[in-house]
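The values are calculated or read from the model by the stated rules, or taken from the named source; none is laboratory data. The structure presented is a predicted model; accordingly, all values stated were derived computationally and were not measured. Cβ placement follows ideal geometry from the backbone for every residue including glycine, while neighbour counts extend to all protein chains displayed. These accessible areas exclude ligands, DNA and RNA; they are computed on the full protein's heavy atoms, side chains included. Shrake-Rupley method; radii C 1.70, N 1.55, O 1.52, S 1.80 Å.
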Amino acid sequence: MDLMLEHRISVKALVSHVEMRGDINFSFSSRSSAMAGIRGHQRVQKSRGPGYVAEKEVLTTVQRGRHRLTIAGRVDGYYPDRNPIEVEEIKTTRGDASRMPEEHRALHWGQAKLYAYLLACEHDSHEVIVRLVYLQLDDDSEYVLETHHTRDALQDWFERVVEDYLRFRDTLLAWTDSRNLSMNEAVFPYGEFREGQRGMSVAVYRALRDEGNVVLQAPTGIGKTMAALFPAMKALGSLSFDKVFFLTAKRSGQRAAEQAAGELVDQGLIFRSVTLTAKDRTCFSPGAPCHPDHCEFARGYYDRMPSVIEREAHKGGVLTRERIESLARAEGLCPFELSLDLARIADLVIGDYNYAFDPTVYLRRFFDEESGRYAFLVDEGHNLVDRGRDMFSARVNRLTYASARKQLSREGAGVARHLARVNSAFLVLQRTNASMLDTRGYALLEEPPKKLMKAMRRLCEVLEDMLAGAGPGDDALLSLYFDSLRFVRVAEWFDETYRCVLNADGTLQLLNLNPSPGLAAGLARSTSAICFSATLSPRQYFTRLIGVAPEDPWYQVASPFDEGNLGVFTVPYISTAYRDRESSRTELVSTIHTVVSRHPGNYLVYFPSYAYLDDVVTEFESKFGHIQTVRQWPDMDSEESAFFLGRFEQEPAPDETLVGFAVMGGSFGEGVDLQGTRLIGVIVAGVGLPQICAERELIREYFDETDGQGFAFAYQFPGMNRVLQTAGRVIRSESDRGIVCLVDRRFQTAAYRHLFPRHWRVNAAASRDELAGMIGAFWSGHEVRQPDGPAQQPAGDRVP
């Protein structure tokens with residue numbers, strides 16, 4: 001007997017699936033209605049008088065064949081005691097509702113009719129009056145449209161909607177059956193698991209089976225991406241998951257996931273993956289509004305898109321950004337919207353963290369409008385801490401509003417007035433806090449300032465109306481709108497984990513100090529989440545900050561590589577503390593030369609800042625100009641980054657040495673896979689501490705108060721995480737052999753040694769001559785010995 005297939009969908013999503021036609025037209029898709037719309041709805045509802053029922057929840061379940069479809073929604077308002085009953089769907093707008101395109105209005109009629117049918121059934125009413133009520137938010141006027149329907153007619157329409165939707169589900173069901181069969185027969189694509197991979201894969205599958213979360217720490221080079229992806233894809237069939245979301249912090253993680261997905265497809269697995277790319281990176285009409293008058297790819301999008309989705313629903317493969325853009329151009333469709341619509345039929349969705357975690361942009365179409373059994377694979381989970389703070393924080397600057405006001409033409413006088421009010425509210429704040437701004441450079445406010453927030457909310461509302469009809473060339477105003485809107489939304493979440501900071505330069509920040517609550521809310525959108533990385537130590541730090549529960553299991557994969565293949569050396573005779581950098585620079589340059597001269601090959605040297613890098617590179621090149629060098633620059637574009645990595649892509653000649661200089665935490669600090677002799681050594685200058693600033697000091701103060709570990713949480717642990725990520729570039733396979741040289745006296749202290757990986761065997765060099773001897777012994781294959789002690793000291797105990 002076939003199992004019943006359960007589906008749950010909102011009224012809005014169901015109607016959108018069937019009735020969505022015409023253009024992409026954001027001028028009638030209010031973004032500020034989330035703020036003002038609720039209040040507008042409430043005003044309409046309160047004006048209706050006795051007998052009116054507002055916010056009525058409706059729920060119905062229909063069964064057709066193998067499908068059991070649950071439809072849920074909330075009716076804005078209706079009169080249940082009138083004959084016939086009267087149902088209202090309320091929409092708020094600042095545009096002229098009478099000019100709304102009919103294809104857009106059809107969605108509103110569809111929602112209203114579906115609610116009307118469900119209520120007619122509930123109240124056994126044979127007729128029903130349906131109204132669309134458009135509230136003009138600027139003057140509270142109502143534009144009302146009304147139709148009269150019989151329940152029989154609504155039932156016919158309802159059956160067509162359900163039939164159309166379930167026909168689409170049947171198409172996916174046929175695909176799912178083929179997919180699951182291929183998954184059941186799938187074997188690991190590399191024939192055999194690497195040591196450590198099998199244990200990681202088993203832990204992933206068990207977490208999915210138990211519908212729980214797990215944190216996995218596994219060394220670089222064992223193939224974490226495939227070890228996580230393979231069992232998750234098998235779980236689509238064996239554990240009835242609907243989708244796998246592979247979430248990354250950087251493009252390199254997306255490429256690794258795409259490569260792994262391609263290898264699974266090559267092995268005969270049948271599935272579809274879709275990569276989501278940020279809108280501003282994939283847009284075919286940059287700077288133009290999403291409006292049919294300004295973008296040809298928005299014109300008629302919803303008329304052409306369904307046939308593309310229907311065709312692609314019968315195909316498998318890896319839909320990368322390039323493939324989606326090619327498909328979009330061929331069909332004349334917006335590539336960003338197409339990627340989102342393709343994600344509906346995808347088995348694997350690859351994208352940035354923000355699609356699951358950012359409260360302003362997460363994928364509501366999956367996590368709100370529809371529900372499903374979703375697996376999250378959170379790649380390089382150590383990045384969640386800083387990315388979480390960024391996603392949950394916001395900032396605006398007074399000068400941006402003042403400048404925008406000056407640049408507006410006479411036609412923008414109304415907006416200029418609201419810009420002036422925001423600017424004035426800022427000036428009041430600056431005058432009120434002048435003493436603190438002068439002495440400390442910033443002032444802490446108890447909460448987001450009410451007058452400024454009121455002015456900013458109103459500005460967002462009028463800007464939205466203005467921008468709806470704007471053409472290309474309004475980039476600055478559009479950016480100001482989105483920054484303001486984000487600030488207003490973040491202000492609604494302000495609590496004890498935030499600080500409101502006014503800076504002397506006119507910047508106002510809503511600074512998130514502890515991202516854990518927001519990340520936990522994101523993880524809760526999944527049925528099961530697997531967070532994995534090579535650097536998730538110490539455990540108590542990441543448990544506290546990445547949103548997992550204290551009882552969630554952690555799994556540590558032991559390094560499968562021969563410990564003797566990695567030489568780890570500390571250099572305590574050099575201090576890289578900020579105050580000592582100038583006096584120790586010459587010794588550091590000479591030490592770098594000593595390290596790279598012991599054995600020819602490719603090396604990377606990492607620094608905590610570009611300024612420090614600049615000083616060392618200049619002196620190194622002036623003294624050792626015969627050695628090839630390449631360096632990272634701030635804000636390198638994709639071609640420059642490719643050139644940098646390209647220098648390491650080729651196996652070096654036996655007598656050649658290349659030294660690359662880069663910054664910790666940058667694009668070359670992680671996600672760089674240089675196997676074999678393409679990279680044989682990493683030198684790390686300093687313990688990676690983030691720069692001291694007001695933001696970091698506020699983080700330190702917060703965790704001093706809550707955990708008693710302010711310095712560790714704000715500086716030491718994040719810095720050491722950067723160090724370990726850079727060190728992980730060296731050993732990427734069983735045959736790799738190389739060295740890690742940690743330059744700073746602090747690496748020799750217990751506070752840092754207990755953070756070293758368990759498999760490290762650490763050698764401390766008291767001088768440059770000792771370092772040269774130790775490294776020479778390593779490359780010659782001899783045992784490395786301390787001059788006055790035992791061979792190779794193991795790293796200290798750590799939090800598991």
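Here are some notes:
- Whichever residue in the stretch 234-293 is of a type in the set (Gly, Ala, Ser) and in a loop (DSSP other than H, G, I, E, B) and, among such residues, is most open to solvent (accessible area, probe 1.4 Å): Ser240
- Considering the stretch 391-450, there are no qualifying helices (runs of 4 or more DSSP H) wholly inside with 2 or more residues that are open to solvent by 50 Å² or more (accessible area, probe 1.4 Å), touching a Cys at 6+ places or on another chain (Cβ under 9 Å) and over 15 Å from Cys500 (Cβ atoms).
- Output for the stretch 213-226, where each listed residue is open to solvent by less than 20 Å² (accessible area, probe 1.4 Å) and either in contact with an Asp or Glu (Cβ under 8 Å, 6 or more places away or on another chain) or at pLDDT 95 or above (or both): Val214, Val215, Leu216, Gly221, Ile222, Met226
- All positions within the stretch 406-434 that are hydroxyl-bearing (Ser, Thr, Tyr) and at pLDDT 95 or above: Ser424, Thr432
- Screening Glu296 against (1) in a loop (DSSP other than H, G, I, E, B); (2) in contact with a helix residue (DSSP H, G or I) (Cβ under 8 Å, 6 or more places away or on another chain); (3) open to solvent by 40 Å² or more (accessible area, probe 1.4 Å); (4) not basic (Lys, Arg) leaves a single unmet condition, (2).
- Residue list for the stretch 11-25, filter: in a loop (DSSP other than H, G, I, E, B) and either under 14 Å from Asp341 (Cβ atoms) or open to solvent by less than 10 Å² (accessible area, probe 1.4 Å) (or both): Met20, Arg21, Gly22, Ile24
- For the stretch 119-142, residues that are assigned to a helix (DSSP H, G or I) and surrounded by fewer than 20 Cβ atoms within 10 Å (Cβ to Cβ) total 3.
- Per the listing Leu216, Leu172, the residue uniquely closer than 22 Å to Leu236 by Cα, touching a residue at least 40 places away in the same chain (Cβ under 8 Å) and part of a strand (DSSP E or B) is Leu216.
- None of Pro306, Pro286 is free of Cβ contacts under 8 Å to residues at least 40 places away in the same chain and closer than 26 Å to Val244 by Cα except Pro306.
- Out of Ser307, Ser326, sole residue that is open to solvent by 40 Å² or more (accessible area, probe 1.4 Å), at pLDDT below 95, farther than 30 Å from Ala521 by Cα and among the hydroxyl-bearing types (Ser, Thr, Tyr): Ser307
- For Glu88, the conditions (1) open to solvent by less than 30 Å² (accessible area, probe 1.4 Å); (2) within 34 Å of the chain's Cα centre (by Cα) are fulfilled apart from (2).
- The number of residues in the stretch 356-377 being modelled with pLDDT under 95 and either in a strand (DSSP E or B) or of a type in the set (Ser, Thr, Tyr) (or both) comes to 4.
- Matching strands (runs of 3 or more DSSP E) fully within the stretch 475-586 where at least 1 residues are of a type outside the set (Lys, Arg), closer than 30 Å to Cys460 by Cβ and open to solvent by less than 60 Å² (accessible area, probe 1.4 Å): 498-503, 507-512
- Put simply, of Ile350, Ile324 the only residue that is of a type in the set (A, V, I, L, M, F, W, C) and either in a loop (DSSP other than H, G, I, E, B) or in contact (Cβ under 8 Å) with a residue 60 or more places away in the chain (or both) is Ile350.
- Taking the criterion of being in contact (Cβ under 8 Å) with a residue 24 or more places away in the chain and among the small types (Gly, Ala, Ser), the residues of the stretch 429-466 that qualify are Gly441, Ala443, Ala455.
- Qualifying residue in the stretch 26-35 (condition: farther than 30 Å from Arg489 by Cα, modelled with pLDDT under 85, of a type outside the set (Gly, Ala, Ser) and touching a Leu at 6+ places or on another chain (Cβ under 8 Å)): no
- Comparison of Arg66, Arg105 shows that the only residue that is touching a residue at least 24 places away in the same chain (Cβ under 8 Å) and surrounded by fewer than 16 Cβ atoms within 10 Å (Cβ to Cβ) is Arg66.
- Any hit, the stretch 143-164, residues being within 39 Å of the chain's Cα centre (by Cα), of a type in the set (Phe, Trp, Tyr) and open to solvent by 20 Å² or more (accessible area, probe 1.4 Å): no
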